[in-house]
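**Student:** A single structure is presented below for examination.
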Amino acid sequence: MKPMQLPVLLLLAGLIAGSAASHAARPFVTDDARTVDPGGCQIESFAKQQLRSRASEFWFLPACNPLGNLEMTLGSINSNDTPDSSHTLIVQGKTLLRPLQTNGFGLAMSAGALETASPAPAARWSPYVNLIASLSLRDDALVLHANAGALNDRPASRSRATWGAGAEIPLTARLYGIAESYGQEGERPSQHAGLRYWIEPNRIQVDGSAGTQRGRTWLSMGIRLLF
């Protein structure tokens, strides 16, 4: 696997986004039509381990919404896929076009860039855009999310379409389940499922998930802090 290839795929699927207390959030990859509350911030971090190999990742994603409708994320990904290792810087802005409400739908969009490991300065930053739609059904008993986007993959000198589709289901007042599929042009779709649990509602959340990507199975565990 080439350095940066896996982090780029995951980002483009829509994972990189801040979240409000009710955001789809971790362990989702597909993004949703919610943001961090106005004036609020969050720190989202997780570790991911490939099974049957030593490949691993560590994600650190702080996000804030200081202006009321512009959530800003500045984060990083450290990847280790022996003998290769890499570090990715992520910069993103996200805004709501229509807030998601119970039994309604919401719209949002995000745009940002990845700093890749390309030796050419002009190809180091790869910009992307993501359009986001969410739909609430049966008083939030089922919430569906869909993403459609594009990446200007400058190291590869080509543009790629990206997509994601997912569902979140409340199992108890504090426990949620998620399931989704996502991918990018020229790649096999990936599947992902997991659980998240509020230790302290709207403040501290933990999660775990499992997925398949390019024939590889991986597990992840994460934490989200809202303040």
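Each row is one residue, and each column tells you yes or no for (1) modelled with pLDDT of 95 or more; (2) surrounded by fewer than 21 Cβ atoms within 10 Å (Cβ to Cβ); (3) charged (D, E, K, R).
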position: 169; (1), (2), (3): yes, yes, no
position: 186; (1), (2), (3): no, yes, no
position: 204; (1), (2), (3): yes, yes, no
position: 214; (1), (2), (3): no, yes, yes
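**Student:** Select, from 149, 177, the only residue that is under 19 Å from the mean Cα position of the chain (by Cα), closer than 24 Å to residue 102 by Cα and modelled with pLDDT of 95 or more. Working first, answer last.
**Tutor:** Working: 149 fails: closer than 24 Å to residue 102 by Cα.
It is 177.
**Student:** Moving on to the next point. How many residues are touching a strand residue (DSSP E or B) at 6+ places or on another chain (Cβ under 6 Å) and part of a loop (DSSP other than H, G, I, E, B) if we restrict to region 138-158?
**Tutor:** Adding up the residues that qualify gives 1.
**Student:** When residues of region 97-137 are filtered for being in a loop (DSSP other than H, G, I, E, B) and over 25 Å from residue 170 (Cβ atoms), how many remain?
**Tutor:** Within region 97-137, residues that are in a loop (DSSP other than H, G, I, E, B) and over 25 Å from residue 170 (Cβ atoms) number 6.
**Student:** Let me ask something additional. Specify which of the listed residues (80, 69, 103) is on the phi > 0 side of the Ramachandran plot and of a type in the set (S, T, N, Q).
**Tutor:** Matching residue, one of 80, 69, 103: 103.
**Student:** Moving on to the next point. Need the failing condition index for residue 125 against (1) under 23 Å from residue 202 (Cα atoms); (2) surrounded by fewer than 20 Cβ atoms within 10 Å (Cβ to Cβ), just the number.
**Tutor:** It fails just one condition, (1).
**Student:** Condition first: outside any strand (DSSP E or B) and in contact with a Phe, Trp or Tyr (Cβ under 6 Å, 6 or more places away or on another chain). Now tell me which residues in region 183-212 satisfy that. I'd like the intermediate steps shown before the answer.
**Tutor:** Within region 183-212, the subset outside any strand (DSSP E or B) is 185-189, 201-203.
If the condition is that a residue be outside any strand (DSSP E or B) and in contact with a Phe, Trp or Tyr (Cβ under 6 Å, 6 or more places away or on another chain), then no residue fits.
Let's see how each residue does on (1) surrounded by 14 or more Cβ atoms within 10 Å (Cβ to Cβ); (2) without any contact (Cβ under 8 Å) to a residue 40 or more places away in the chain:
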residue	(1), (2)
132	yes, no
152	yes, yes
172	no, yes
198	yes, yes
218	yes, no
226	yes, no
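The values are calculated or read from the model by the stated rules, or taken from the named source; none is laboratory data. Since the model is a prediction, treat every value here as computed from it, not as a measurement. Cβ: placed from backbone, ideal geometry, glycine included. Neighbour counts: every protein chain shown.
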